[in-house]
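The values are calculated or read from the model by the stated rules, or taken from the named source; none is laboratory data. For clarity, every value in this text was computed on a predicted model and none was experimentally measured. Neighbour counts are summed over all protein chains in view; Cβ atoms, including those assigned to glycine, are modelled from backbone coordinates with ideal geometry.
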Amino acid sequence: MPDTQPLDLQAILQEIHAKLEPRLGEGKVADYIPPLARIDPRKFGMAVVTIDGQTAMVGDALEPFSIQSISKVFTLTLALGKHGENIWKRVGREPSGSAFNSIVQLEQEGGKPRNPFINAGAITISDLILAGHTPREVIGEIVRFMRYLANDDEIVIDPAVARSEEATGFRNAALANFMRAFGRLDHPVEHVLGVYFHHCAIAMNCVQLARAGLFLANAGVAPLSGHTVVSRERAKRINALMLTCGHYDGSGDFAYHVGLPGKSGVGGGILVVAPGKASIAVWSPGLNQNGNSLLGSLALDMLAHRTGWSVF
Ligand code: DON
């Protein structure tokens, strides 16, 4: 669709919601922790915030959900801010081709995770942003960053989710200890995991999340405040990583169907960036076989089709 035609984003979202309504509840809700297993699988919310400040939303777009791995976009941004391109000595930039919590490549590749979005990579990023600080200080810093980006002081960590992540996070503990054994973590494993579990437990709604991602759609500048969050070049690079690695082993499929940088979480959320246009967040808790929101991915496929926003 040519750029010159005005888009009625609210009508497009309503149309997508209506089309998906008969399918609400499809997919498998994450059940590795009780606070996620309890979520109503029929929830569905979607929000689009454009770089010129328009907001469109539908369904449960104002209901907070567990952003989980979507937080990894923002911890990556913080790590790049603290250490610049040096972070790439510690974590790669290639799709892993395996599950988000896989350990197998770590042994083959000397404890260096393939990318910052798989669990091992995000744990490494938590180590990098600790940078000699306490977990409490860094967790506070991440939450303040989210509040600043979304311009919303209500954003919090869900304490029940954080506790459950900690109580059941044996696989993440294995990944962290394995990397520590390779000499690849600078801080104690429990500090690193404390940061990781807490940022996964941040709760946000679709509107807050779409607002928080808007700097990536606007060459690094948060358009609502005019603040430069990252350079144009860095925004481009974060988007490239989201496109190639943001959906784990489903990244190719997401790029094929949606054609936009995106990052999913097992809470059923997906954050998507339409460069030069908008930031989009969708939430539908039922997941597909790769741990990405099933209906959320379909909704984004429809949105990309209706708006012509694909980067390709
Ligand atoms: O660390 C974990 O495994 C969970 N907190 C889930 C991370 C996540 O969202 C993976 N994404 N699909």
task: May I ask you to list the residues in segment 242-271 that are under 12 Å from the mean Cα position of the chain (by Cα) and either free of Cβ contacts under 8 Å to residues at least 40 places away in the same chain or not assigned by TED's automatic domain parsing to the domain that holds V207 (or both)?
output: G262
task: Would you check if there is a residue in segment 252-273 being closer than 22 Å to S66 by Cα and at pLDDT below 95?
output: no
- request: Of the numbered conditions (1) outside the structural domain of L185 (by TED's automatic domain parsing); (2) more than 18 Å from Y196 (Cα to Cα), R93 fails exactly one; give the number of that condition.
  value: (1)
query: Does at least one position in segment 184-202 carry a residue that is surrounded by fewer than 17 Cβ atoms within 10 Å (Cβ to Cβ), in a helix (DSSP H, G or I) and of a type outside the set (A, V, I, L, M, F, W, C)?
result: yes
task: Report, by residue number, each residue of segment 208-239 that is touching a Lys or Arg at 6+ places or on another chain (Cβ under 8 Å) and surrounded by fewer than 24 Cβ atoms within 10 Å (Cβ to Cβ).
output: A219, G220, L224
task: From the list L78, L62, pick out the single residue that is of a type in the set (A, V, I, L, M), within 19 Å of the chain's Cα centre (by Cα), away from the ligand (no atom under 16 Å from the Cβ) and within 22 Å of P113 (Cβ to Cβ).
output: L78
Leading residue by the ranking (surrounded by the fewest Cβ atoms within 10 Å (Cβ to Cβ)) among those in segment 168-183 that are among the polar types (S, T, N, Q) and within 11 Å of the ligand (Cβ to nearest atom): T168
message: Condition first: touching a residue at least 24 places away in the same chain (Cβ under 8 Å) and in a loop (DSSP other than H, G, I, E, B). Now tell me which residues in segment 8-32 satisfy that.
response: L24, G25, E26, G27, A30, Y32
query: Looking at segment 26-46, which of its residues are within 14 Å of the ligand (Cβ to nearest atom) and either over 16 Å from M204 (Cβ atoms) or among the polar types (S, T, N, Q) (or both)?
result: G27, K28, V29, A30, D31, Y32, I33, P34, A37
field: Leading residue by the ranking (farthest from the ligand (Cβ to nearest atom)) among those in segment 155-166 that are charged (D, E, K, R) and within 19 Å of the chain's Cα centre (by Cα)
entry: D158
